[in-house]
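Everything below concerns the one structure shown next.
The values are calculated or read from the model by the stated rules, or taken from the named source; none is laboratory data. Treat the numbers as computed from the prediction; the structure is a model and nothing was measured. A quick note on method: Cβ atoms are made from the backbone with ideal geometry, for glycine too, and the neighbour counts reach across all protein chains shown.
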Ligand SMILES: Cc1ncc(C[n+]2csc(CCOP(=O)(O)OP(=O)(O)O)c2C)c(N)n1
């Protein structure tokens, strides 16, 4: 389906229509049905698609505003600004984004989003599939007195988004919509409801007692927060987002979010249909009346949830406070790390209940382990033509392994893997630079080189850079400027020259100007596709002291190829073909291009019993770097143009 | 009530997600309850990619019962009914989803992981991989979908559809060629895709 067709399908106002949507898509649909009028985001897997879809549909809905913000705290502040004028605002981010937004988030809860509403749609990542940690943000909800809902499937992603807006508006509290990667990337059937026109902001009414959190106002807002949170408990008590599946057994299960699906399927696979199940939709606050009613005829409650034992502690607390006579078990049977799945839940439940799983897990695992032992893990790699590869290659040529390399988050985190192994630590966005600065105050006998992407620099690098300059750190910062937020799906940055809604503009900021304004004296821009000039820039930087910044500027090859490839194919139709070839007769098989540079478009094959290298034309992006680094005297790699004379025609 | 689980596995860029989405939509058209997931964290970067497609098929007089019809997006261990591997090394990775009842189709095509490059590791050839999987299920078939795609279409872009054609011709999936054909047309796919599926079906029939 093309983007146009998809937009049409997600915007169609046909209540009752059934479609297949991912959790992310369903959240977008839910927000539209709820009349969202203001959306901000900073991208992050698994929630990036929420913002990306809005960036495309924004112009189709009059009264809807969308922006890619520079980071999550900016995104939440911008969104609450709109809410304070009466808008229904949505902010989307990944779980660690809430760390960045936390400073604003806590105090926004004090003030509350009224007269509008604020929903924080947020993707968690049990299993660390694409994140630096798997923190459980339900503790943020607990700490900030913010209601939190957890949907289990795409239909609920849509319905809970609508409910979250209503809750937020009614309770004057932000509401966190917390879904895990499986729910957001999972696909399922969704039945549409009616679309409401965007609930737009109208005016900002000054109310210092609500919005100016200083001194006694802050304290009185804290008290107001506790009152509003008590209302949230009453709300949750009556909400139909919490559901009970009745059953006669004396053991019951409490679960929520993605874990609910595993529980139901596990019970089915164990042939157990009489355990009562309480599915919490509102996970914070957990209503005590509901827990009391649910546990009335139970001797034991099993809490099944992903990540930490959050619900478990809360239910234990409620049971203690109400003096409920029921045993509560949880994390001693289900892992508190990684993703849950049906099999882990089957095994946990069968242990608690003393029943035997129908499957012979030992046998399945034994066979699978044997077969899997022959699998060669497939590390993600830099794409053909990736400018990051060329930059890393040039740096390695100049400094070798004798340096400390500060890594950061983005496509370039792959620098940690072979063939480069050029990353010594990764913590969070922006951390690479300041950790390197810290090390530079102590380690003096090695070059210290930190990497940062263009988006990461704008998101979290600037204060660190200013600090490093101010405090005389001694390091080289390499800004890998590929024009886009490549890792999360090519969103624009303020330096790209594309607006949040995909119109061309002139770049809002220039990286080298920012760097100079931060006080850096040594700033050099190079094109990583020109290996010699890249190496010269690096060598020159090494000769200086203090904070030096190199900007490796070359557009992400995937993005460039999206434009270039159709052009090349068009030329081919006219009989003009340009391609890179590697001539086996000249190649001395030093494997510099294949092993040390490691371009995946260069491949090995065996012809007449002899190993040769060749270039896979369909994947080669013509970056030219392999030609420049070819060591076989008189390079074995060259560019060939068929029928160049036709070009002038 | 019946459940049917399909797993498509391969490497980023091979069209795994596309077949997955097609099968999900085709299932929905048939009135099945459809659930699934896509793992594509690093798909643009030659990482492994999966698409799980799960159907609950109710009889005419059966009602939706959440106790029996709730599916998790990931396929439980050993529960895959049909496994299509567009790259043979990836078949090893998904072995825990396979049981003695599963059908496994393996494309005779390999993409060398960089780790193999850096450390000079050798990948077992497709036939060895197929024999390893035969320890779990007898229903393993190697298909030369890449060679056929290259020959018929000039590139590897139709491997996913050829594999799907083979799977359909096995006659064990709860979908017919017509179901797929209508869905493909609805989704705006080119006729070449339909031709690729037909070629896949012929490939299979030729073998039997
Ligand atoms: C706080 C936070 N927000 C979002 C992310 C998700 N994320 C990972 S890397 C990245 C940015 C990558 O862009 P850039 O620095 O330009 O590097 P590129 O991938 O383009 O090489 C983002 C948004 C994150 N890890 N942490």
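Which of the residues belonging to segment A:1-16 are modelled with pLDDT of 95 or more and over 20 Å from residue A:67 (Cβ atoms)? Write out each step before concluding.
Restricting attention to segment A:1-16, the residues satisfying the condition of being modelled with pLDDT of 95 or more are A:10-16.
Within segment A:1-16, A:12, A:13, A:14, A:15, A:16 qualify.
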Of the residues that sit in segment A:546-559 and are away from every other protein chain (no Cβ under 14 Å) and farther than 30 Å from residue A:445 by Cα, which one is nearest to the chain's Cα centre (by Cα)? A:555
Is there a residue being in a loop (DSSP other than H, G, I, E, B) and under 18 Å from residue A:391 (Cβ atoms) anywhere in segment A:452-470? no
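For segment B:186-205, how many residues meet the condition of being more than 14 Å from every other protein chain (Cβ to nearest Cβ), in contact with a helix residue (DSSP H, G or I) (Cβ under 7 Å, 6 or more places away or on another chain) and either at pLDDT 90 or above or within 12 Å of residue B:161 (Cβ to Cβ) (or both)? Outline the logic, then answer.
Taking segment B:186-205 and keeping what is more than 14 Å from every other protein chain (Cβ to nearest Cβ), we get B:191-192, B:194-205.
Next, only the ones that are in contact with a helix residue (DSSP H, G or I) (Cβ under 7 Å, 6 or more places away or on another chain) stay: B:192, B:194, B:196-201, B:203-205.
Narrowing further to those that are either at pLDDT 90 or above or within 12 Å of residue B:161 (Cβ to Cβ) (or both): B:192, B:194, B:196-201, B:203.
So the answer is 9.
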I'm checking my understanding of the structure. Among residues of segment A:454-471 that are touching a strand residue (DSSP E or B) at 6+ places or on another chain (Cβ under 7 Å) and within 16 Å of the ligand (Cβ to nearest atom), which one is farthest from residue A:403 (Cα to Cα)? A:455
Somewhere in segment A:552-571, is a residue more than 16 Å from the ligand (Cβ to nearest atom) and touching a helix residue (DSSP H, G or I) at 6+ places or on another chain (Cβ under 6 Å)? no
Qualifying residue in segment A:349-360 (condition: at the interface with another protein chain (Cβ under 7 Å from one of its Cβ atoms) and surrounded by 15 or more Cβ atoms within 10 Å (Cβ to Cβ)): yes
Given A:474, A:482, which one is assigned by TED's automatic domain parsing to the domain that holds residue A:410 and more than 16 Å from the ligand (Cβ to nearest atom)? A:474
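Would you say residue A:489 is surrounded by fewer than 20 Cβ atoms within 10 Å (Cβ to Cβ) and within 22 Å of residue A:94 (Cβ to Cβ)? Give the derivation first.
Numbers: surrounded by fewer than 20 Cβ atoms within 10 Å (Cβ to Cβ): yes; within 22 Å of residue A:94 (Cβ to Cβ): yes.
Judged against the criteria, residue A:489 is a match.
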What are the residues in segment A:366-383 that are more than 7 Å from chain B (Cβ to nearest Cβ) and over 31 Å from the mean Cα position of the chain (by Cα), if any? A:366, A:370
If I filter segment A:97-125 down to residues being surrounded by fewer than 22 Cβ atoms within 10 Å (Cβ to Cβ) and within 16 Å of the ligand (Cβ to nearest atom), which single residue comes out as nearest to the other protein chains (Cβ to nearest Cβ)? A:99
Report, by residue number, each residue of segment A:390-409 that is outside any helix (DSSP H, G or I), surrounded by 24 or more Cβ atoms within 10 Å (Cβ to Cβ) and within 15 Å of the ligand (Cβ to nearest atom). A:406, A:408, A:409
Any residue in segment A:118-143 that is outside the structural domain of residue A:99 (by TED's automatic domain parsing) and at pLDDT 95 or above sitting within a Cβ distance under 9 Å of a residue that is part of a helix (DSSP H, G or I) and within 11 Å of the ligand (Cβ to nearest atom)? List the pairs, counting only those 6 or more apart or interchain. none
Scope segment A:83-96; condition in contact with a strand residue (DSSP E or B) (Cβ under 9 Å, 6 or more places away or on another chain), within 13 Å of the ligand (Cβ to nearest atom) and part of a loop (DSSP other than H, G, I, E, B); matching residues: A:95
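Any idea which of A:570, A:545 is free of Cβ contacts under 8 Å to residues at least 24 places away in the same chain and farther than 20 Å from residue A:383 by Cα? Spell out how you get there, then give the answer.
Values: A:545 fails: free of Cβ contacts under 8 Å to residues at least 24 places away in the same chain.
Only one candidate qualifies: A:570.
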Selection from segment A:513-524 of residues more than 16 Å from the ligand (Cβ to nearest atom) and crowded, with 16+ Cβ neighbours inside 10 Å yields A:518, A:520, A:522, A:523, A:524
Segment B:141-175, subset within 14 Å of chain A (Cβ to nearest Cβ) and touching a strand residue (DSSP E or B) at 6+ places or on another chain (Cβ under 7 Å), residue nearest to residue B:193 (Cα to Cα): B:159
For segment B:78-110, which residues satisfy the criterion of being more than 15 Å from the chain's Cα centre (by Cα) and either surrounded by 20 or more Cβ atoms within 10 Å (Cβ to Cβ) or more than 8 Å from every other protein chain (Cβ to nearest Cβ) (or both)? B:78, B:96, B:100, B:101, B:110
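Suppose we keep only residues that are surrounded by 15 or more Cβ atoms within 10 Å (Cβ to Cβ) and touching a strand residue (DSSP E or B) at 6+ places or on another chain (Cβ under 7 Å) within segment B:126-140. Which one would you say is farthest from the other protein chains (Cβ to nearest Cβ)? Before the answer, list the steps.
So the first thing to find is which residues in segment B:126-140 are surrounded by 15 or more Cβ atoms within 10 Å (Cβ to Cβ), and the list is B:126, B:129-130, B:132-133, B:136-137, B:139-140.
Checking which are touching a strand residue (DSSP E or B) at 6+ places or on another chain (Cβ under 7 Å) leaves us with B:126, B:129-130, B:133, B:137, B:139-140.
Values: B:126: 12, B:129: 7, B:130: 11, B:133: 6, B:137: 10, B:139: 15, B:140: 11 Å.
Step by step, filter segment B:126-140, then rank; the result is B:139.
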Starting from residues that are more than 9 Å from every other protein chain (Cβ to nearest Cβ) and assigned to a strand (DSSP E or B), keep the ones in segment A:175-199 and report whichever is surrounded by the most Cβ atoms within 10 Å (Cβ to Cβ). A:179
Filter segment A:492-509 down to the residues that are surrounded by 14 or more Cβ atoms within 10 Å (Cβ to Cβ) and under 12 Å from residue A:457 (Cβ atoms), then identify the one that is nearest to the chain's Cα centre (by Cα). A:493
